[in-house]
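The structure appears below as structure tokens.
Every number in this text was worked out from the coordinates using simple rules, so none of it is lab data. Bear in mind the structure is a predicted one, so any value in this text is a computation, not a measurement. Neighbour counts run over all protein chains shown; Cβ positions are idealised from the backbone, glycine included.
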Amino acid sequence: MRIKMEVIDSNDLRELIASKGYSIRGFAKKTKISTGYMSDIVNKNREPSPTLAGKIARGLGTSINDIFFAKTVNKSETKNERKEVTA
């Protein structure tokens, strides 16, 4: 079983990044995440690990639970479960 993090709301994440004075590219550079990967996360095309999700939340000065929800992924089956995660 693995845990992946899914963005709750792409528009809210975009607005939060912009409110901190960053473009997605600028924020990606600040957090040392590739621009393409950061864009994929924002657009819900990729699901970061809890560690990377925590790095993003810290970079934005907010809680991981304000941006992401945890998704449990089993090898044989995929289920979505909302969980609280501490960063």
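General remarks:
- Filtering segment 49-74 to residues that are assigned to a strand (DSSP E or B) and closer than 13 Å to Asp12 by Cβ leaves Phe68, Phe69.
- Note on segment 35-48: residues that are assigned to a loop (DSSP other than H, G, I, E, B) and either without any contact (Cβ under 8 Å) to a residue 24 or more places away in the chain or of a type in the set (A, V, I, L, M, F, W, C) (or both) total 2.
- Of everything in segment 55-67 that is within 10 Å of the chain's Cα centre (by Cα) and under 16 Å from Lys29 (Cα atoms), the residue that is surrounded by the most Cβ atoms within 10 Å (Cβ to Cβ) is Ile56.
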